[in-house]
Amino acid sequence: MINFSHNFFSAKNLAIVYAIAALVVIGGKIFATTINYSPPFKEIGFYSTTISANNDLADIYYPQPSDINSGNYSFPIVLLLQGALVDKSFYSDYASLVARYGFVVVVPNHFRPLPINPTSPPSLLSETSQIAAVLSQMAIEKTKPTSPIASVVDTQRLGLLGHSFGGAVGLSVMANKCLPELYLCQEPFTRPKELLAGAFFGANLRNPISNEFVPIANDDLAVALIQGDIDGVALPDRAQSTFDKIQTPPKALITVMGANHFSITNVNNPAGANPDRNPATLNRAVGIETIARWSALFLRANMLKDRAAFDYIYSQGDALDPNVRVTTVAVPEPSSNPPAAL
């Protein structure tokens with residue numbers, strides 16, 4: 001494994017190094033190789049189901065190539081943990097784009113009482129128990145003849161996405177911690193063996209009373225933080241502090257310029273959510289696509305050992321995308337050839 005520290009080589013400098021390394025000499029002539037970073041699937045399918053273990057209603061997005069029933073497809077599961085009080089429907093644009101990169105994206109509405117008022121009616125609030133519930137449901141979907149994803153879902157590989165409070169839940173999962181004092185769980189939790197990577201937007205893992213950031217013993221599982229630089233709810237310096245607490249590589253901190261706390265959702269400040277008073281300056285469609293692309297390629301690089309996605313995340317993407325700044329630590333080398341889909 002070759003480790004690069006961002007303090008020694010910037011991502012932009014690494015892009016130049018990789019670009020030079022990508023030159024191919026044939027018959028004395030030099031040819032530059034190019035990689036297509038666009039989603040490998042144009043069409044997606046969509047349906048809703050109920051998660052049997054907890055009765056959560058969930059939306060499911062999946063690639064739908066024309067030969068889905070005859071081709072040899074196996075799409076990993078990606079669970080999207082919603083922000084506090086944000087309905088799943090507000091993530092439809094983002095989830096659809098991530099699915100086009102070759103994932104079955106599950107977006108549940110999870111209700112439970114608000115921590116500040118346990119006697120209140122249940123509200124939209126993610127928690128760690130959703131991980132096991134979704135894995136169990138995907139096993140059901142895989143064996144159910146009427147399920148649209150029965151023949152294509154890979155139940156042995158799981159990635160996490162999360163927004164805001166849902167991202168904090170996801171980070172606690174990566175750390176294999178319950179953290180009931182932060183209201184991220186209601187029962188003991190054990191990180192499943194299927195979990196391989198997570199990418200979280202507008203999220204940090206901090207005790208708001210002590211203001212201490214929680215160490216994340218991720219045991220080599222890949223973790224990315226994607227952060228708007230003008231986020232007025234989850235402040236950028238808290239993402240940096242959380243990034244510093246991620247104990248083992250691979251990890252990435254991807255800052256999206258002009259993005260606020262809700263640049264991931266279909267609309268700014270969705271009804272019911274704690275609003276961000278800082279208006280985004282980045283076009284909404286551009287912001288959603290940017291966050292989805294970096295999320296999906298990070299998952300592909302680390303879950304599928306995809307060389308093209310790896311190069312984008314760890315070397316070329318920072319130079320190619322004018323809307324981001326990227327920090328990576330201990331860049332991993334893919335251990336296998338990239339999937340043919342990208």
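Laboratory data are not the source of any read-out in this text; all were calculated from the coordinates shown. Predicted model only: the values in this text are computed from it and were never measured. Cβ: placed from backbone, ideal geometry, glycine included. Neighbour counts: every protein chain shown.
Couple of notes before you dig in:
- In this label model, Ala150 and Tyr47 are separated by 0.9 nm, measuring between points 7 Å along each Cα→Cβ vector.
- Extension gain, Gln247 to Asn207, is 12.6 nm, computed as 0.36 nm per intervening residue step minus the present C-alpha separation.
- Using the Cβ of Ser263 as centre and a radius below 12 Å, the other residues enclosed give a net charge of -4, where K and R count +1 and D and E count -1.
- Placed amide H near Ala224: partners under 5 Å, 5+ positions off or other chain: Gly198, Ala199, Phe200, Ala252
- Neighbour counting of Cβ atoms within 10 Å sorts the residues Thr49, Thr119, Thr328, fewest neighbours leading, into Thr119, Thr49, Thr328.
- Look at the alpha carbon pairs under 8 Å that are at least 6 residues apart: their mean separation over the length of the chain gives a relative contact order of 19 percent.
- Entry note, the chain: the mean residue ellipticity at 222 nm calculated from DSSP H runs of n ≥ 4, each adding -39500 (n - 2.57), is -7000 deg cm²/dmol after division by the residues and rounding to the nearest 500.
- Using the Karplus relation 6.51 cos²θ - 1.76 cosθ + 1.60 with θ = phi - 60°, the per-residue 3J(HN,Hα) values for segment 50-60 come to 10, 6, 4, 5, 9, 6, 6, 7, 10, 9, 10 Hz, with x marking Gly and Pro.
- Scanning residues 5 or more positions from Gly45 or on other chains, those with amide H under 5 Å from its amide H are Tyr62, Gln64, with H placed 1.01 Å from N in the peptide plane.
- Whole-Hz couplings from phi, Karplus 6.51/-1.76/1.60, listed for segment 195-209; x for Gly and Pro: 6, 10, 6, x, 9, 10, 9, x, 9, 8, 10, 9, 7, x, 7
- Cross-link reach list, aspartates and glutamates versus Lys88, counting only Cα pairs under 19 Å and skipping chain neighbours closer than eight places: Asp56, Asp59, Glu127, Asp276, Glu289
- In segment 163-255, GluC sites (Glu not before Pro) in a DSSP loop with at most 16 other beta-carbon atoms within 10 Å: Glu194
- Shown here: Cα extents along the principal axes in Å, derived from the displayed model; of the candidates (1) 75, 50, 37; (2) 60, 49, 37; (3) 79, 47, 41, it corresponds to (1).
- Kirkwood-type radius of segment 42-82, with distances r between different C-alpha atoms, in Å: 12.0
- Cα-Cα pairs of segment 98-171 separated by more than 15 Å (percent): 62
- Under Karplus coefficients 6.51, -1.76 and 1.60, residue-wise ³J(HN,Hα) of segment 115-129 in Hz, glycine/proline x: x, 6, 8, x, 8, 6, x, x, 10, 5, 7, 5, 7, 5, 4
- Max-minus-min Cα coordinates of segment 146-223 on each principal axis give 49, 25, 25 Å, with the largest extent listed first.
- Net +/- balance of residues flanking Ala217 in space, Cβ distance below 12 Å, scoring K and R +1, D and E -1: +1
- Normalised by 2.2 N^0.38 Å, where N is the number of residues, the C-alpha radius of gyration of segment 158-202 stands at 1.07.
- Remark: segment 62-112 projects, on average over all directions, an area of 4.0 nm² (convex hull of Cα atoms).
- Tensor-based shape of segment 171-325 (alpha-carbon gyration tensor, a/c under 1.5 rounded, otherwise prolate or oblate): oblate
- Segment Ser38..Val286, full-extension length gain: 87.9 nm, with 0.36 nm per residue of separation and the alpha-carbon distance subtracted.
- For segment 195-256, convex hull volume per residue from C-alpha positions, Å³: 74
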